[in-house]
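**Student:** Before I ask anything, here is the structure I am working with.
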Amino acid sequence: MAIRNSLNGQFLRRSTVAGARFMSSSWFRSIEPAPKDPILGVTEAFLSDQSPNKVNVGVGAYRDDNGKPVVLECVREAERRIAGGQFMEYLPIGGSIKMVEESLKLAYGENSEFIKDKRIAAVQALSGTGACRLFAAFQQRFHPNSRIYIPVPTWVNHHNIWRDAGVPMKTFRYYHPESKGLDFAGLMDDMKNAPDGSFFLLHACAHNPTGVDPSEEQWREISSQIKAKGHFPFLDMAYQGFASGDPERDAKAIRIFLEDGHLIGLAQSYAKNMGLYGQRVGCLSVLCEDEKQAVAVKSQLQLIARPMYSNPPLHGALIVSTVLGDPELKKLWLNEVKVMADRIIGMRTTLRENLEKRNSPLPWQHITNQIGMFCYSGLTPEQVDVMTNKFHIYMTRNGRISMAGLNTGNVGYVADAIHEVTKSS
């Protein structure tokens, strides 16, 4: 009997160990590799290409006319000023108070009544992506039965952000492929037919990926329609100053909504307009009815942020607050952001002129009608494949061209390639 019990015990122990090994080896067996990000995948393919003629017009980061990344002089000076002068303590959950204050003045206006009346709930965010994600979680928590209406097309990550926050998504018409401009009638119709009190995601300026923005008059009509339907406008502003070279002009859509009495949500990013891509610094703000409501909303945003990332990073916030808070550095930044915007605008003109000189059968005025980092070229996925496989020019398959990837050394080559793949169209 003792021998039998001992054998049974050994068997059970072995079975338990074997079962544990089986379980531990099978936890993740069913997981498949995630699909590659359509934008980051372009860069990976570009880097692995050995062709000396390769060009990357898929990258969403500014480059100078030599194709090199740029660190603004105002940023370098801000870093010199803050170097060694700060402790490395945690920021509050809501981030740098000074950075948030400067961000609100930039977006809402230096003398905004809403800032003076303390009606804005605002927190530092992990760039524009983090600001959108935080708002999406806020929307899901306090309006769980609502939807977010997203333009077609939009920045691909918008879909990921609201999906992962558990917010149902619908789309509204935005881009008109035939005119390569705004489908204003379709946009207005979709806003009119959406259920009252819906959330609408809007690009404040330099729409990504199309570069197509409403005119000032169209923005006023959009604002009026949103107000009539009781919709909530959430504006993603990733390019203030970078679009036109003038931060005030690029904030015009926001100011129209404020003039019309809307409550709004706003995501800001300093990736493009200060070149702080890797610092992940931005701001989320929500305009509320009064100070008491703003206090409550901010507390809830902080409550959501706490388990996400606890508190935001310090260094980028110090750079932004130093640049925007010092008149001398802010003036330098305004000059530098205009230089970047003007180079992008100049590349648009040069690309269009190069295509027209080649007697292209297609019209190319949309290149200069659009604005900001990106041009929605009108190239088909099949034409993009030829651009990549034959000419070693890399872009996303929707035909989006990053104007920052063009320079005086490659714009003629890119124009040649576009002409070759489109001349039979």
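The values are calculated or read from the model by the stated rules, or taken from the named source; none is laboratory data. Given the structure is predicted, the values throughout are model-derived calculations rather than measurements. No Cβ is skipped: glycine too gets one built from the backbone with ideal geometry, and neighbour counts run over all protein chains shown. Calculation scope for accessible area: heavy atoms of the full protein, side chains included, ligands and nucleic acids excluded. Shrake-Rupley method; radii C 1.70, N 1.55, O 1.52, S 1.80 Å.
**Student:** How far apart, in nm, are the 7 Å Cα→Cβ label points at residue 51 and residue 248?
**Tutor:** 4.6
**Student:** Let a ≥ b ≥ c be the square roots of the eigenvalues of the Cα gyration tensor of the chain; is it rounded (a/c under 1.5), or, if not, prolate (a/b larger than b/c) or oblate? Present the calculation step by step, with values, prior to reporting the outcome.
**Tutor:** Working: a/c = 1.56, a/b = 1.21, b/c = 1.30.
Oblate, since a/c reaches 1.5 and b/c is not below a/b.
**Student:** For residue 68, what accessible area in Å² do you get when you roll a 1.4 Å probe over the heavy atoms of the protein chains, rounding to the nearest 10?
**Tutor:** Probe radius 1.4 Å; accessible area of residue 68 about 120 Å².
**Student:** Apply 1/(1 + (r/R0)^6) to the Cβ-Cβ distance of residue 193 and residue 218, taking R0 = 25 Å, and write down the FRET efficiency to the nearest 0.05.
**Tutor:** 0.85
**Student:** Something else now. Quick check: from the Cα gyration tensor, does the range 125-262 come out rounded (a/c under 1.5), prolate or oblate?
**Tutor:** On the way: a/c = 1.36, a/b = 1.18, b/c = 1.16.
Here the range 125-262 falls in the rounded category.
**Student:** Another question about this same structure. Run the quick spin-label model on residue 118 and residue 71: label points 7 Å from Cα toward the beta carbon, then report their separation in nm to one decimal.
**Tutor:** Between residue 118 and residue 71, the simple spin-label model gives 3.9 nm.
**Student:** Would you tally the net charge around residue 128, using a Cβ to Cβ cut-off of less than 12 Å, leaving residue 128 out, and scoring K and R as +1, D and E as -1?
**Tutor:** Details: positive: 133, 272, 280; negative: 236.
Neighbour charge sum, excluding residue 128 itself: +2.
**Student:** Among 250, 326, 183, which one shows the highest mean-square fluctuation when the chain is modelled as a Gaussian network with alpha-carbon springs under 10 Å?
**Tutor:** 326
**Student:** Moving to a separate point now. Say a site is exposed when it is one of the GluC sites (Glu not before Pro), sits in a DSSP loop, and has at most 16 other Cβ atoms within 10 Å; what is then the longest site-free stretch of the chain? Don't jump to the answer; show the numbers that get you there.
**Tutor:** Numbers: sites that count: 89, 110, 178, 289.
Formally, the longest exposed-site-free interval is 290-425.
**Student:** If you don't mind, another one. Could you state the number of Å between the C-alpha centres of the range 372-406 and the range 240-300?
**Tutor:** Between the Cα centre of the range 240-300 and that of the range 372-406, the gap is 30 Å.
**Student:** Probe of 1.4 angstrom, ligands and nucleic acids ignored: what's the accessible area per residue over the range 279-399, in square angstrom? Write down the numbers at each step before the final one.
**Tutor:** On the way: 5420 Å² over 121 residues.
For the range 279-399, the per-residue accessible area is 45 Å².
**Student:** Let me ask you something else. When the chain is treated as a GNM, springs tying every alpha-carbon pair under 10 Å, which of 362, 351, 324 comes out with the largest mean-square fluctuation?
**Tutor:** 362
**Student:** How large is the helix-only mean residue ellipticity at 222 nm for the chain, computed as the sum of -39500 (n - 2.57) over DSSP H runs with n ≥ 4, divided by its residue count, in deg cm²/dmol to the nearest 500?
**Tutor:** Details: 17 runs with 210 residues, N = 425.
Calculated at 222 nm, the ellipticity per residue is -15500 deg cm²/dmol.
**Student:** If I compute solvent accessible area with a 1.4 Å probe over the protein chains, what percent of it on the range 270-425 is carbon and sulfur?
**Tutor:** Taking all protein chains in place, the range 270-425 shows 52 percent carbon and sulfur surface.
**Student:** Now for a separate question. What is the chain's relative contact order, in percent, from Cα pairs under 8 angstrom and six or more apart in sequence?
**Tutor:** Details: 715 pairs, mean separation 102.6, N = 425.
Value for the chain: 24 percent.
**Student:** Using label points projected 7 Å from each Cα along Cα→Cβ, tell me how many nm separate residue 170 and residue 420, to one decimal.
**Tutor:** With each label point 7 Å from Cα toward Cβ, the separation is 4.6 nm.
**Student:** Hey, what did the range 69-147 get for relative contact order, percent, Cα under 8 Å, at least 6 apart? All intermediate terms of the calculation are to be shown ahead of the outcome.
**Tutor:** Working: 22 pairs, mean separation 17.1, N = 79.
Computed value for the range 69-147: 22 percent relative contact order.
**Student:** If we count chymotrypsin sites (Phe, Trp or Tyr not before Pro) as exposed when they sit in a DSSP loop and have at most 11 other beta carbons within 10 Å, what is the longest stretch of the chain that avoids them all? Each step should come with its number before you reach the end.
**Tutor:** On the way: sites that count: 27, 28, 87, 90.
After excluding every exposed loop site, the longest remaining stretch is 91-425.
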